[in-house]
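Structure, as structure tokens:
The values are calculated or read from the model by the stated rules, or taken from the named source; none is laboratory data. Not measured: the values here are computed from a predicted model. So basically every Cβ, Gly included, is an ideal-geometry build from the backbone, and we count neighbours across all protein chains shown. Just the protein is used for accessible areas: all its heavy atoms, side chains included, with ligands, DNA and RNA removed. Shrake-Rupley method; radii C 1.70, N 1.55, O 1.52, S 1.80 Å.
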Amino acid sequence: MTPADRTLELAASPHLKAPDSTPRIMWTVVATLIPVVVGAVWAFGPSAALVIGVAVAGAVGTERLLAGGPDPVRDGSAVITGLLLGLTLPAGVPLWMAALGGAVSIALGKWVFGGLGQNVFNPALVGRAFLQAAFPAAMTTWPLPTGAALPDGGSVAWAALRGPNLALPLMGGSVDAVTGATPLGLRKFEGVETPVADLFIGSIGGSVGETSALLILLGGGYLAFRGYLDWRIPVSVLLAVAVLSSALHALRPDTLPGAPFMLFSGGLMLGAVYMATDMVTSPVTRAGAWIYGAGIGALVVIIRYWGGLPEGVMYAILLMNAMVPFIDRATQPRVFGTSRRNRREREATT
Amino acid sequence: MSPRVTTPGEDFVRGVWRENPVLVQLLGLCPALAVTNSVANALAMGLATFFVLMGSSVLVSSIKRLIPKEVRISAYILIIATFVTIADMVLAAVVPEIHKALGAFIALIVVNCMILGRQEAFASKQPVGRAALDAAGTGVGFIIAMVMIGGIREVLGNGTFLGAALFGSGFEPWIVMILPPGGFFTLGILLLLFAGWEERGGAERAERTWRVPVTRRVSDVGPVAAPGGER
């Protein structure tokens, strides 16, 4: 043995490390979203591809501009933000709105707070909330998916643009497109209930990527299996919605829809699986994850049943994002070797 | 107290940029957020405030020896309120629509810290000429900030500037910009840009370009001087 072989390696803990890194997690999430994107493009044609693509480009471009450094977008977080934003938009929005949403997501949702890991709110939802407040009409015009029946007896062609996607920047659209209400809107304003099977597979109107619960659950299941998302959060969101809506439906079956409809309609699946579980904006503790998820589920039910809007997943998640620091503080685990009482005393003295 | 070394030019210019009441001192934020949903409202508010500031600074500076130290704040408020009442009546007579749109915010000029701050920190200790220059600079700075915020909000939120359509009929208004959140977004982004520009020495460079002789950082004198320092 040469002396060089006998060097003693000193290192601080942890000594066992998983090969996970931020880019690896981010790109895995992107990969699991690909089926959702494909499903969206199948349902909404080239419009969906354009909207998602431009939202990603807006987010990545803004990230590159604000982050500096050699290759600021390599960690993939801006790609996810753009993808998630694109998936929550109606297929017919003008592309400049998608780009603006991507830019607002990254600039106001993330870099204002200091960049990745510092933001309080889910960036994609900040972008969507901004667009919703700025362009309420365009953001609630829901095109019909491929194959939907038209009033003249035909059906929607795959290749047809679903709205004024190509409007000039700052301009609204005047392209004729066939639109319809989402299942939630139908239920709320017209009392028509969509069959749950359609909701599950995704042949319904709605945002680009929120339509197929099946594809979202597949991707989310894989991420949960790999440990890249905390399964407690989607489970508690869906449980809270199921329990609350079943109970309330039992009380007033004629006006309030039941659990299956509530679970598989609107943006609940996409929100519960991909947005509420954002590592930066969700609680760190296990108990916190349950509280956080249950809070989102309860808010979704309250907003959908009694709010002015048909859908409330976005606001439910944003509101609970704001509560995360408090949830984390309230659910801190006991440090080994201390008791709850002397922790309180320690806090009182400091 | 060290002798003042500011020049007349600096008395004026510092209120415009380096000590801009809204963008740097963060004073007068209430009108800057509340009545900037159109350029016309913002401009009317800016001009009214300019008038009140100028009038009270000149008056306070001219009668500063008559005001007992113990009641100076109430005296300043009375003087300011007098000018606010004049501004209120003039606006109601000349531009009744804007007067209606501004509503209670005209009366609230009385409690604008920016105005009281200039009286306490500057006009009550300086000769009339310098007080007037200082008030003019601060007032112009306020108008610039108001019109910037109002311009951004009206152009994006309504597609117009001072009521003139800019984009033709297809324009899709950003409704959020004329709602209260738009005021916060716009002000926040402007503050961000202004702070970044200032950090790179922007104000100093601009003053050099305009050949304003600056002898020392304004923050070393003026507002920082304690009110009781001269006793």
Inset, instruction - Would you mind stating whether B:S62 is surrounded by fewer than 18 Cβ atoms within 10 Å (Cβ to Cβ), more than 12 Å from the chain's Cα centre (by Cα) and of a type in the set (S, T, Y)? - result: yes
Inset, instruction - Evaluate the following for A:P123: is it within 12 Å of chain B (Cβ to nearest Cβ) and of a type outside the set (F, W, Y)? - result: no
Inset, instruction - Report the residue count in segment A:75-98 for those that are surrounded by fewer than 22 Cβ atoms within 10 Å (Cβ to Cβ) and either under 18 Å from the mean Cα position of the chain (by Cα) or not hydrophobic (A, V, I, L, M, F, W, C) (or both). - result: 3
Legend entry - Residue check, A:L161 closer than 20 Å to A:G39 by Cα and not acidic (D, E): yes
Inset, instruction - Considering only segment A:155-170, state which residues are more than 13 Å from every other protein chain (Cβ to nearest Cβ), under 26 Å from the mean Cα position of the chain (by Cα) and open to solvent by 40 Å² or more (accessible area, probe 1.4 Å). - result: A:W158, A:L161
Inset, instruction - For A:T211, indicate whether it is open to solvent by 40 Å² or more (accessible area, probe 1.4 Å), among the β-branched types (V, I, T) and modelled with pLDDT under 85. - result: no
Legend entry - Given (1) over 27 Å from A:Y228 (Cα atoms); (2) at pLDDT below 90, number of the condition A:A99 does not satisfy: (2)
Legend entry - Subset of segment B:156-175 [at negative phi and in a loop (DSSP other than H, G, I, E, B)]: B:L166, B:F167, B:S169, B:G170, B:E172, B:P173, B:W174
Legend entry - Extreme residue, modelled with the highest pLDDT, among residues of segment A:79-96 that are of a type in the set (G, A, S) and touching a Lys or Arg at 6+ places or on another chain (Cβ under 7 Å): A:A91
Inset, instruction - May I ask you to list the residues in segment B:180-197 that are open to solvent by 50 Å² or more (accessible area, probe 1.4 Å) and more than 18 Å from A:G101 (Cα to Cα)? - result: B:P180, B:L192, B:L193, B:A195, B:W197
Inset, instruction - Scan segment B:58-74 for residues that are in a helix (DSSP H, G or I), aliphatic (A, V, I, L, M) and without any contact (Cβ under 8 Å) to a residue 12 or more places away in the chain and report the count. - result: 2
Legend entry - Hey, A:A40 more than 20 Å from A:Q132 (Cα to Cα), out of contact with any Pro (no Cβ under 9 Å at 6 or more places or on another chain) and surrounded by 18 or more Cβ atoms within 10 Å (Cβ to Cβ) or not: yes
Inset, instruction - Note down all Cβ pairs under 7 Å where the first residue falls in segment A:260-289 and is among the acidic types (D, E), the second is surrounded by 24 or more Cβ atoms within 10 Å (Cβ to Cβ), and they're at least six residues apart or on different chains. - result: A:D278/A:N122
Legend entry - Single match in A:L108, A:L116, A:L84 (criterion: away from chain B (no Cβ under 14 Å), part of a helix (DSSP H, G or I) and over 22 Å from A:A167 (Cβ atoms)): A:L84
Legend entry - Residues (within 12 Å of chain B (Cβ to nearest Cβ), in a helix (DSSP H, G or I) and surrounded by fewer than 23 Cβ atoms within 10 Å (Cβ to Cβ)) located in segment A:131-150: A:Q132, A:A133, A:A138, A:M139
Inset, instruction - Of the numbered conditions (1) at pLDDT below 85; (2) within 12 Å of chain A (Cβ to nearest Cβ), B:G182 fails exactly one; give the number of that condition. - result: (1)
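One line per residue, one yes/no per condition, for (1) of a type in the set (S, T, N, Q); (2) under 28 Å from B:L179 (Cα atoms); (3) at pLDDT 90 or above:
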| site | (1), (2), (3) |
| --- | --- |
| B:P3 | no, no, no |
| B:V24 | no, yes, no |
| B:I63 | no, no, yes |
| B:V71 | no, no, yes |
| B:A81 | no, no, yes |
| B:I86 | no, no, yes |
| B:M89 | no, yes, yes |
